[in-house]
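The values are calculated or read from the model by the stated rules, or taken from the named source; none is laboratory data. Quick caveat, the model's predicted, so the values are computed rather than measured. Here the Cβ is made from the backbone with ideal geometry for all residues, glycine too, and neighbour counts use every protein chain on show. These accessible areas exclude ligands, DNA and RNA; they are computed on the full protein's heavy atoms, side chains included. Shrake-Rupley method; radii C 1.70, N 1.55, O 1.52, S 1.80 Å.
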Amino acid sequence: MTEEKIKQHTRQVLKSFSKKKGNLIPILQRVQGRLGYLPREAMLEVAEFLGLPPIHVYGVVTFYNQFRLNPPGKHSVRVCLGTACHMKGGYITLDAWKRRLSIGAGETTTDREFDLDTVACVGCCVMAPVTVLDEKPMGKVDPTKVDGLLLAFEREREGKKKQ
Amino acid sequence: MTTTGVQAIIPAFQELKVCAEAHWKGLWKSGRTVITVGTAACGQAAGALEVLQAFRDEVSKLNLDCRVIEVGCMGHCYAEPIVIISKPGYPAICYGHVNPVIAGTLVKEFVAGDNPCLEFVLGALEKNDLIPSLSEFPRAQYEKKLILKNCGHIDPTDIEQYIANGGYLALEKALRMRPEKVIDEVKRSGLRGRGGAGFPTGQKWEICRNSAGKPKYAICNADEGDPGAFMDRSIIESDPHSVLEGMLISAYATGARQGYIYVRAEYPLAVERVQIALRQAKKLGLLGREILGSNFSFDIKLFQGSGAFVCGEETALIASLEGEAGTPHVRPPYPAVSGLFGKPTTINNVKTLTYVRHIINNGAEWFAGIGTKGSRGTAVFALAGKIVNTGLVEVPMGTTLRQVIFEVGSGIPNGKKFKAVQIGGPSGGCLPESALDLPIDFDSLKKAGAMMGSGGMVVLDEDDCMVEIARYFVEFTQRESCGKCTYCRLGTKQMLEILTDITKGRGKLEDIDMLQHLAEGVKAGSLCGLGKTAPNPVLTTLRYFRNEYEAHVREGRCPSLMCPDLIAYYILPHKCERSCDACVGTCSVEAISPDKKRIKVIDQEKCVKCNNCLVACPLQYNAVVKLSPPGKVPTSKK
Ligand SMILES: Cc1cc2nc3c(=O)[nH]c(=O)nc-3n(C[C@H](O)[C@H](O)[C@H](O)COP(=O)(O)O)c2cc1C
Ligand code: FES
């Protein structure tokens with residue numbers, strides 16, 4: 001995305017907010033919802049709008065786990081490491097994702113297909129271990145299921161190519 | 001309040017109520033079958049949306065007079081997706097583990113025919129001669145549902161269903177009382193905050209009411225940061241209006257004009273349901289200006305948390321509402337005196353607020369009659385981990401842990417042995433078998449070293465390592481520490497390093513004492529509740545399970561066979577059924593190969609301990625075992 005595009009999108013979001021500091025986090029959430037992450041230009045734009053020093057905006061962005069500084073992959077993989085999931089082998093599942101995608105938690109594959117991260121409890125502890133795939137919580141994900149899920153994505157991609 | 005205001009309330013509410021009741025009756029029109037599908041997040045994860053669609057498709061295919069509606073979570077999460085079918089002439093029947101195929105069968109056989117398909121039944125909702133009812137389950141004798149009563153029985157996206165079931169009645173009643181009287185009622189009920197600390201709610205409201213400064217604020221804390229708890233999520237997803245009603249009453253009592261619901265970003269469905277609920281309440285004049293024609297005005301905004309555990313702490317939560325990084329502040333002043341934007345602010349947990357309407361409706365004495373002397377009312381727990389009936393439970397305070405785990409939760413699955421119960425998440429502790437007869441209330445749990453916390457209850461069995469769970473929680477709090485104060489920032493870091501060493505077999509005996517020393521220091525020296533309680537998981541495991549620490553340190557052995565660095569997977573040659581290849585195919589890294597006699601052997605160098613082979617090996621052979629310390633594996637000749 002070009003700098004200009006980023007600025008445009010950010011300004012679009014800013015239109016629906018008043019210039020109150022309390023709006024900082026909702027604004028950042030909305031911008032990230034649109035762009036998928038918070039690029040430097042967007043943060044600068046937000047800082048200027050609210051009349052805050054850019055370092056304040058950067059400080060807030062890096063404080064909260066939800067915000068990301070780099071573009072996400074096409075599919076997001078969030079492995080739950082809440083108590084229930086951890087104790088039922090969530091850490092083994094995370095290992096499996098890391099091995100199969102060849103990336104660590106917090107990283108994106110080089111083809112930008114997947115990004116991998118952890119999350120602390122999505123409220124489906126009864127289905128532990130949980131992996132949230134593209135916003136959808138999947139229950140009982142063990143290494144074998146990881147392989148199955150990846151296979152399904154591959155099929156889908158091949159299917160699209162054929163079309 | 002002016003008298004005209006008061007007089008307007010009754011007819012205004014009456015009108016809403018009549019409307020809602022007509023709507024509710026219309027739904028249950030005689031002769032019609034109603035199917036409810038639980039589509040809270042737990043249900044959705046189990047496939048409830050597909051089940052919902054299957055019901056809708058089949059009903060329209062057969063062209064039946066049958067309504068299919070979505071409801072929240074009944075608390076029987078272990079049996080999701082859950083469906084209730086209410087057919088005239090039958091008791092309402094609850095089905096568990098429903099999938100789209102079963103859904104199709106139920107419509108064909110039961111809705112269109114007259115076979116209630118007993119093989120899928122969980123239980124009936126009321127007593128009858130045909131099917132055992134849920135109220136006859138042993139667990140029902142211990143449960144007492146106040147705030148979970150609506151959950152799973154009404155459509156959370158339909159305000160009229162809430163009103164028809166007694167909703168907003170308490171608001172109407174409160175608006176006709178003087179605010180002081182409302183506070184007095186809550187005070188006399190003995191209600192204590194369910195967010196963790198157990199502060200008396202009425203007293204908090206009174207302080208806020210009596211503090212100078214305008215406008216005042218009311219905040220609902222739905223951050224639910226405990227990484228093993230889901231009560232607040234479930235209540236918001238299943239019965240959001242009960243939370244709004246509690247907020248409205250609290251605001252009326254304290255004189256607040258603006259409210260915020262602070263919901264975790266990880267709960268997208270809860271966020272959506274709150275948005276819908278706010279819109280509907282506004283439309284009916286239950287929120288906004290001059291509510292129900294009175295001169296009380298109050299508005300609520302939704303605020304999404306951004307994934308920081310410490311933001312559950314009230315002063316950090318306020319900082320984040322103000323557009324700051326969520327770092328806690330020293331108290332006093334307490335938020336009730338100087339909170340959001342420096343104004344008097346009440347912060348209450350979701351459950352605390354949900355109790356309020358019941359107290360106003362039934363009176364302080366009624367509420368005070370439930371539970372124990374120091375802890376009135378009920379306790380809501382999210383049961384998870386190694387327990388048969390995972391899900392939500394609500395029991396009177398004073399119920400013992402044993403009753404909750406073994407009677408309500410039906411004990412430990414797979415014939416395993418109970419080891420510990422973790423209560424209160426990262427701020428709580430692990431209690432052993434010997435503590436199971438403790439009554440659940442704010443004070444006895446604290447004495448045992450745990451904490452009521454928010455209500456997460458994770459049951460651990462013989463396969464769970466107590467050092468690892470302590471390490472897990474310290475890793476969590478260490479990462480979530482905001483870094484403001486030294487004890488918490490550095491102390492948790494040092495504790496984590498020691499615990500990591502121990503779980504990797506690099507620990508020394510003096511480390512255990514050092515750990516104890518550090519834990520006590522961090523507890524005493526930290527600024528906010530995060531640091532003050534972070535050592536609890538360490539202190540309780542040291543207190544009750546010191547032998548496990550010692551086994552790791554002295555022998556490099558993990559007694560529960562959990563710590564990856566201290567175990568090895570091994571295939572018992574005499575048990576391996578040589579013609580079976582299950583483990584070979586499932587191994588993630590091709591570490592298993594057959595030897596000359598086709599007995600499978602694991603290459604220990606390659607093994608990543610993914611557990612696949614152990615799961616894959618057919619039960620009748622059971623040839624794969626874990627050994628600790630890893631040196632126990634006999635060296636094999638290739
Ligand atoms: C680290 C930390 C995390 C907390 N997380 C929560 C939470 O997730 N939900 C909650 O209601 N209270 C949480 N609290 C407690 C709040 O600070 C506050 O006491 C509570 O919201 C008050 O509501 P109550 O009086 O209804 O319990 C947390 C406290 C600390 C120190
Ligand atoms: S611990 Fe994973 S969903 Fe709760």
Label model pair residue B:388, residue B:15: point-to-point distance (7 angstrom along the Cα→beta-carbon line) in nm is 5.4
Given the protein chains as shown and a 1.4 Å probe, how many square angstrom of residue B:146 are accessible, to the nearest 10?
20
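In square angstrom and rounded to 100, what buried accessible area do you get between chains A and B, total over both, with the probe at 1.4 Å? Don't skip to the end; give the middle numbers.
On the way: alone 9900 and 26190 Å², together 32380 Å².
The contact between B and A buries close to 3700 Å².
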At q = 0.20 Å⁻¹, what log₁₀ I(q)/I(0) does region B:466-554 have when each alpha carbon counts as one equal point scatterer in the Debye sum?
-0.80
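With contacts defined as alpha carbon pairs under 8 Å and 6 or more residues apart, what's the relative contact order of region B:378-461 in percent?
37
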Modelled label-to-label distance, residue B:633 and residue B:108, 7 Å Cα→beta-carbon offset: nm?
5.1
Exceeding 20 Å between C-alpha atoms, which entries from my cross-link table qualify? They are B:204/B:351; B:214/B:301; B:149/B:204.
B:149/B:204
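Equivalent ellipsoid semi-axes for region B:160-212, as square roots of 5 times the alpha carbon gyration tensor eigenvalues: give them largest first, rounded to whole Å.
Numbers: eigenvalues 109, 50, 17 Å².
Listed largest to smallest, the semi-axes of region B:160-212 are 23, 16, 9 Å.
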What accessible area, in Å² to the nearest ten, does a 1.4 Å probe give for residue B:419?
30
In 10 Å bins starting at 0, how do the alpha-carbon pair distances of the protein assembly as shown split up by percent?
3, 12, 22, 26, 21, 12, 4, 1, 0, 0
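Pop the C-beta distance of residue A:110 and residue A:8 into the FRET formula with R0 = 30 Å and round what comes out to the nearest 0.05. Before the final figure, lay out each step's value.
Working: r = 28 Å, r/R0 = 0.94.
For residue A:110 and residue A:8, the calculated efficiency is 0.60.
Across region B:421-520, how many lysine pairs, 8 or more apart or on two chains, come within less than 29 Å at their alpha-carbon atoms? If you can, show how the numbers build up before the last one.
Values: B:446/B:484; B:446/B:493; B:447/B:484; B:447/B:493; B:484/B:493; B:493/B:504; B:493/B:508.
Lysine pairs meeting both conditions in region B:421-520 amount to 7.
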DSSP-assigned coil residues among trypsin sites (Lys or Arg not before Pro) in region B:97-157, each with at most 15 further Cβ atoms within 10 Å:
B:127
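Give me the Å³ per residue figure for the convex hull around the C-alpha atoms of chain B. Can you show the working numbers first?
Working: hull volume 105.9 nm³, N = 638.
Once divided by residue count, the hull of chain B is 166 Å³.
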Chain B, relative contact order in percent, only Cα pairs under 8 angstrom and at least six apart counted
11
Threshold 30 Å² - residues in region A:75-91 whose accessible area is reduced by that much or more when the chain is no longer isolated, probe 1.4 Å:
A:83, A:84, A:86, A:87, A:88, A:91
Can you sort A:1, B:466 by solvent-accessible area, 1.4 Å probe, largest first?
A:1, B:466
Inter-centroid distance (Cα atoms) of region B:272-327 relative to region B:592-638, Å
55
Quick check: Cα centre of region B:552-575 to Cα centre of region B:410-430, how many Å?
22
Using alpha-carbon coordinates, inclination of helix B:350-362 to the longest axis of chain B, degrees
40
Rounded to whole angstrom, the alpha-carbon centroid of region B:176-208 lies from that of region B:457-517 at a distance of 37
Send over a whole-number figure in Å² for the accessible area per residue of region A:19-163, probe 1.4 Å.
46
How much of the calculated P(r) for region A:12-163 lies past 18 Å, in percent of all Cα pairs?
62
FRET efficiency, residue B:212 to residue B:56 (Cβ-Cβ, R0 56 Å, nearest 0.05):
0.50
Counting Lys and Arg as +1 and Asp and Glu as -1 over every other residue whose Cβ sits under 9 Å from the Cβ of residue B:133, the net charge comes to -1
Taking only protein heavy atoms and a 1.4 Å probe, what accessible area per residue, in Å², does region B:420-573 have with all protein chains in place?
35
Expressed in angstrom and ordered largest first, the alpha-carbon extents of region B:567-627 along the principal axes are 24, 23, 19
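With an 8 Å cut-off on Cα pairs and a minimum separation of 6 or more residues, tell me the relative contact order of chain A in percent.
Values: 222 pairs, mean separation 29.2, N = 163.
This gives 18 percent for chain A.
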Once amide H atoms are placed 1.01 Å from N in the peptide plane, what residues at a sequence separation of 5 or more from residue A:68, or on another chain, have their amide H within under 5 Å of its amide H?
A:38
Compute the acute angle (0 to 90°) between the alpha-carbon long axis of helix B:268-283 and the principal axis of greatest extent of the alpha-carbon atoms of chain B; round to the nearest 10°.
0
Minimum 40 Å² accessible area buried by the other protein chains, region B:304-323 residues, probe 1.4 Å, relative to alone
B:306, B:323
Can you list residues from other chains, or at least 5 along the same chain, whose modelled amide H is less than 5 Å from the amide H of residue B:385?
B:459
Spatial extent of region B:218-259: Rg and Dmax, with the Cα atoms as the point set, Å:
11.8, 35
Ranking A:97, B:24, B:366 from most to least accessible area with a 1.4 Å probe gives B:366, B:24, A:97
For region B:1-152, just list the percent of Cα-Cα distances falling in each 10 Å bin from zero outward, please.
10, 35, 32, 13, 7, 3, 0
Under a plain spin-label model, where a point goes 7 Å from the Cα along Cα-to-Cβ, how far apart in nm are residue B:366 and residue A:160?
5.6
Taking Lys and Arg as +1 and Asp and Glu as -1, residues besides residue B:230 with C-beta under 11 Å from its C-beta add up to -3
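Where the eigenvalues come from the Cα gyration tensor of region A:3-63, what are the semi-axes √(5λ) of the equivalent ellipsoid, largest first, in whole Å? Before the final figure, lay out each step's value.
Details: eigenvalues 45, 33, 23 Å².
Gyration-tensor ellipsoid for region A:3-63: 15, 13, 11 Å.
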Taking only Cα atoms, what is the 0 to 90° angle, nearest 10, from helix B:201-210's long axis to the longest principal axis of chain B?
50
GluC sites (Glu not before Pro) in region A:99-163 lying in a DSSP loop, each with at most 12 other Cβ atoms within 10 Å of its Cβ, come to A:135
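Specify the longest stretch of chain B that does not include any exposed loop site, a site being one of the GluC sites (Glu not before Pro) with a non-H, G, I, E, B DSSP assignment and at most 12 other Cβ atoms within 10 Å. Don't skip to the answer; put the middle values down first.
On the way: sites that count: B:126, B:590, B:605.
Here the longest segment lacking exposed loop sites spans B:127-589.
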Residue B:26: net charge of surrounding residues, Cβ under 14 Å, Lys/Arg +1, Asp/Glu -1, itself excluded?
-1
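How large, in percent, is the carbon and sulfur part of the accessible surface of region B:31-136 at a probe radius of 1.4 Å? Show your work: numbers first, answer last.
On the way: 2030 of 4100 Å².
Roughly 49 percent, rounded to a whole number.
Only helical DSSP H runs with n ≥ 4 go in: add -39500 (n - 2.57) per run for chain B, normalise by residue count and round the 222 nm mean residue ellipticity to 500 deg cm²/dmol. All intermediate terms of the calculation are to be shown ahead of the outcome.
Numbers: 23 runs with 230 residues, N = 638.
Mean residue ellipticity, 222 nm, calculated: -10500 deg cm²/dmol.
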Run the accessible area of region B:378-461 with a 1.4 Å probe and give the carbon-and-sulfur part as a rounded percent.
50
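So if I average 1/r over every pair of distinct C-alpha atoms in region B:378-461 and take the inverse, what Kirkwood radius in Å does that give? Walk me through the numbers on the way to the answer.
Details: mean 1/r = 0.0818 Å⁻¹.
In region B:378-461 this quantity evaluates to 12.2 Å.
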Identify the chymotrypsin sites (Phe, Trp or Tyr not before Pro) of region B:82-136 meeting these criteria: DSSP loop state and at most 13 other C-beta atoms within 10 Å of the C-beta.
none
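Given the pairs B:416/B:532; B:145/B:416; A:140/B:145; A:136/B:523; A:7/B:216, which span a C-alpha to C-alpha distance of over 32 angstrom in this model? Could you put the intermediate results ahead of the total?
Details: B:416/B:532 34 Å; B:145/B:416 30 Å; A:140/B:145 29 Å; A:136/B:523 38 Å; A:7/B:216 37 Å.
In this structure, B:416/B:532; A:136/B:523; A:7/B:216 lie more than 32 Å apart at Cα.
Sort region B:313-408 into rounded, prolate or oblate with this rule: let a ≥ b ≥ c be the square roots of the eigenvalues of the Cα gyration tensor; rounded if a/c is under 1.5, and if a/c is not under 1.5, prolate when a/b is larger than b/c, oblate otherwise. Working shown, then result.
On the way: a/c = 2.89, a/b = 1.62, b/c = 1.79.
Since a/c reaches 1.5 but b/c is at least a/b, the shape of region B:313-408 is classed as oblate.
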Förster radius 45 Å - calculated FRET efficiency between residue B:434 and residue B:99 (Cβ-Cβ, nearest 0.05):
0.60
